[in-house]
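Presented below is the structure to which this report refers.
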Amino acid sequence: MFAAKRLGKELQKAKYLPPGIDLVKADDFKEWQVDIRVLDSNPLYLNQIYRLSFIFTNNYPIEPPEVTFIYVPPSSSSSTEPISNTQTHAQSPPQSQPQSQTTTTPNTGRPIPIHPHIYSNGIICLDLLGSAGWSPVQSVESVCMSIQSMLTGNTKNERPQGDEAFCQSMGVRGPNGWTRSERGRGLRGVRFAYDDDTV
């Protein structure tokens with residue numbers, strides 16, 4: 001109930017999201033998907049669009065959402081249009097269930113950005129997303145802005161150390177869920193060591 005009320009308020013504000021952030025899926029209050037772009041001329045991410053998945057618990061925003069990048073193949077037969085600027089959602093009451101807007105036009109795909117804190121399966125090592133760094137004042141918008149900033153300031157075209165072994169143990173998150181039905185410890189059970197603030 002608490003999560004639905006909070007997300008309903010965030011959904012009403014979604015049409016005012018900052019540049020480079022577009023809400024593209026909000027079928028319910030369990031998972032949202034957001035497209036983000038890096039707005040400066042960083043050559044690592046120039047002209048690229050990336051997709052984030054937010055999975056919420058009933059205790060959001062007391063608990064952080066599970067946030068990962070998801071890979072969307074460029075050959076996908078359908079794409080999801082941004083709903084951030086639509087009037088429908090801005091006028092919906094906080095308890096209403098959102099409706100996504102989907103077209104059948106081809107899309108250009110959504111890769112996983114290369115970054116020393118982003119694994120190739122889309123998992124992000126960011127203290128903000130952990131229980132120790134999370135605060136209930138954070139929101140989908142503020143998380144997207146933090147990740148935008150993380151990408152903007154990066155100059156290293158590399159993955160985290162141990163990327164291959166980590167991804168094999170966790171699976172890969174796609175637009176329709178994880179490629180492995182059983183991921184063992186699960187994303188919420190992962191404990192990162194946040195010891196590099198240079199990227």
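We did not get these values from a lab; they are worked out from the coordinates using the rules stated. Because the structure is a prediction, the values reported are computed rather than measured. Neighbour counts are summed over all protein chains in view; Cβ atoms, including those assigned to glycine, are modelled from backbone coordinates with ideal geometry.
Figures for the structure shown
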| read-out | value |
| --- | --- |
| Candidate lysines for bridging to LYS5, where Cα separation is under 20 Å - those fewer than 8 sequence places away on the same chain excluded | LYS13, LYS15, LYS25, LYS30 |
| Label-point gap, in nm, between ASN59 and ALA165 - each point 7 angstrom along Cα→Cβ | 3.1 |
